[in-house]
Amino acid sequence: MSKTITFIIGAVVGILLGGALTYYLFVGTPAAVVKPGVPIQAPNANGTPAGTAQIVLKEDFFNEILQTIFTDMSEPSFPLQLGSNQINTDPNAIRYGLLQESKCESKIKLLQKGSDVQTSVLFENGNINAPLAFTGNANVLGSCYPFSGWAKANLELRFDKEKQIVYGVITVNTVNLDGIPVFASGLITPLIQNALNQNVNPIEILNAKQLSVNLPITATNSNLQANIADVRAEVKDKNLILYVTYDFAGNKLSSSR
């Protein structure tokens, strides 16, 4: 009995380690997601400071943008980065990418709807979620696997004070594939996560041109200027509310002769 249990445990551990090693050898280390600025915090419990403006963006606003992309533009597509093996740096070494000589184009394409999922932005329980439907092909060890499915992602808001830009950063948490063999699924799933995380991010939501203030006051021969000092945010009902706090300053206009 003990030998049987030991064998089963060893087999399970071997499968897990083997899958991880296979991915690491053939695909490489996942690249880090670019996250500009700092995370936007919730509104101050003591109230908003003076000089704070509120910007309200509805859930429907984001979904109208997605609707326009899918109906009036091309469906977004990204390559699946296979063959980025980072272990062996010998240029003469056999790489996984060289074992993929075929007509199979490894890429993922976002769909407006697929696998009974609508690609959309959802404001739920104070969070911004984004189900993403997709289809595509992956060349795994010389075999071409067409795939379809959907991913569950969340959107994090970040503010880059130097650039005066509010960004959104999508993180794909789970990938659900339709009818893919377990071995291929174990390799394709992280590739899809990487492709979406690297190619979609960061998303520019509001920039300095939309948020900054530069207003000439002729009667005072000055400009009223304001830079963004802080941004807070909350998801309430079906609205994203941004609290933008400004630092105001008056600057004299140069006199003309």
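Miscellaneous remarks
- If you plug the beta carbon distance of residue 103 and residue 203 into 1/(1 + (r/R0)^6) with R0 = 41 Å, you get a FRET efficiency near 0.80.
- Backbone phi angles across the range 235-241, fed through the Karplus curve with coefficients 6.51, -1.76 and 1.60 (θ = phi - 60°), yield HN-Hα couplings of 9, 10, 6, 10, 10, 9, 9 Hz in residue order; Gly and Pro are listed as x.
- Per-residue Karplus couplings for the range 174-182, computed as 6.51 cos²θ - 1.76 cosθ + 1.60 with θ equal to phi - 60°, are listed in order as 9, 10, 10, 9, 9, x, 9, x, 4 Hz, Gly and Pro entered as x.
- The modelled label-to-label distance between residue 182 and residue 72, using points 7 Å beyond Cα along the C-beta direction, is 4.8 nm.
- Net charge in the neighbourhood of residue 168 (other residues with Cβ under 13 Å of its Cβ; Lys, Arg +1, Asp, Glu -1) is -1.
- Surrounding net charge for residue 147, when Lys and Arg each add one and Asp and Glu each subtract one, Cβ distance under 15 Å: 0
- Under-5 Å amide H pairs with residue 119, H placed in peptide plane, nonlocal only: 113, 114, 133
- Relative compactness, the range 111-257, computed as alpha-carbon Rg over 2.2 N^0.38 Å: 1.53
- When the C-alpha to C-alpha distance is required to be over 31 Å, the pairs from 35/236; 58/163; 103/163; 113/161; 58/161; 58/152 that qualify are 103/163; 113/161.
All of the numbers you see were taken from the coordinates with simple rules; none came from a lab. What you see is a predicted model, and the numbers here were worked out from it, not measured in a lab. Cβ: placed from backbone, ideal geometry, glycine included. Neighbour counts: every protein chain shown.
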